[in-house]
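Inspection log for the structure reproduced underneath, given as structure tokens.
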Amino acid sequence: MTGFGSAEHATSTFVARVEAASVNRKQGEVVVKLPRPYAELEAGIRKAAMQKLSRGRVSISIHLEKAQGATSAIRINSSRARALEDAFTELSKAIDRQVQATASDFLGTPEILEFDDDPTDAEDALKAITPALETALEQMISMRADEGQHLHDDVEPRITSLETITKQVETEAPAVLTHYKESLHRRLTESGLDIDLDDERILKELCIYADRSDITEELTRLASHFEKFRQYLGLDEPVGRPLDFLCQELNREFNTIGSKANNANLAQLIVDAKIELEKIREQIQNVE
């Protein structure tokens, strides 16, 4: 599910800006982007985020800067500064004209002057990060919840549609045996065999077919799955995985009915059901 949240929190030493964004993904994954000196905080931040999530790929971007009034040590790379000065001396000799390095040259050369954010400040940094992270995640989860409500409103009537199709299947099912009986009688007549439909052999064949084409168990399981599906839709907790499992079970039952249904009307109903179920499965992939 998709969502976004951002927040800022300041302490006496740090200002933390946190952005959290999630996109659809079947499994749960958290990616944390931190300034390099504070990489040791990544595992704890990832764990804190995963406690609030079960599905989706969440990217957490954290920007840290020293609070106003807090100081950072400045480290001077003397050897690099002398190397720059020597380079200007060589340049002067090469063009036979005095050229001197300016302050902007030293400031613009990487690694001559470095602000040294001491990694030992990691605990102080975490004090600024944690409140901002919690707020950003709450905003993101709230947006995901809104999307979840829209998905709920889309899926629920589709379940009702599947229930309607299932009732039509149940109504149509007795015609399967009748159709087979008529077909058997027609084939016997066309073959010139004068066998009464009340003949024991015919009745035995009809019993075997009736047992093989019976879909009572599948209809019972479908009703149970529909009921469970609605229960999950009403829960205020992550239900993506159990709903995904129920979709697989519903598909299994419809496939079984389809394999037993030697009837054009039943076959079309099963096709309609599987089309509707596929639409539900596509939505469920986005549910936490």
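The values are calculated or read from the model by the stated rules, or taken from the named source; none is laboratory data. No experiment lies behind these values; they were computed from the predicted model shown. When we count neighbours, we look across all protein chains shown, and the Cβ atoms used for this are built from the backbone with ideal geometry, even at glycine.
Out of L126, L137, L162, L151, which single residue is modelled with pLDDT under 90 and surrounded by 14 or more Cβ atoms within 10 Å (Cβ to Cβ)?
Within the list L126, L137, L162, L151, the selection yields L151.
Among the candidates E65, E19, single out the residue that is in a strand (DSSP E or B), crowded, with 18+ Cβ neighbours inside 10 Å, in contact (Cβ under 8 Å) with a residue 40 or more places away in the chain and of a type in the set (D, E).
Just a single option satisfies the conditions, and that option is E19.
Can you tell me which residue within the range 100-119, out of those that are of a type in the set (A, V, I, L, M) and loosely packed, with under 14 Cβ neighbours inside 10 Å, is modelled with the highest pLDDT?
Step by step, filter the range 100-119, then rank; the result is A103.
State yes or no: is R252 closer than 19 Å to E163 by Cα, modelled with pLDDT of 85 or more, among the basic types (K, R) and more than 22 Å from the chain's Cα centre (by Cα)?
yes
A quick yes/no check of all residues on (1) over 20 Å from P157 (Cβ atoms); (2) in the same structural domain as V271 (by TED's automatic domain parsing); (3) in a helix (DSSP H, G or I):
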| site | (1), (2), (3) |
| --- | --- |
| L219 | yes, yes, yes |
| F226 | no, yes, yes |
| Y232 | no, yes, yes |
| E237 | yes, yes, no |
| L246 | no, yes, yes |
| T256 | yes, yes, yes |
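Can you tell me which residue within the range 80-99, out of those that are surrounded by 10 or more Cβ atoms within 10 Å (Cβ to Cβ) and of a type in the set (G, A, S), is farthest from T13 (Cα to Cα)?
S92
With the requirement that a residue be touching a strand residue (DSSP E or B) at 6+ places or on another chain (Cβ under 9 Å) and part of a loop (DSSP other than H, G, I, E, B), what does the range 27-51 give you?
Q27, L34, P35
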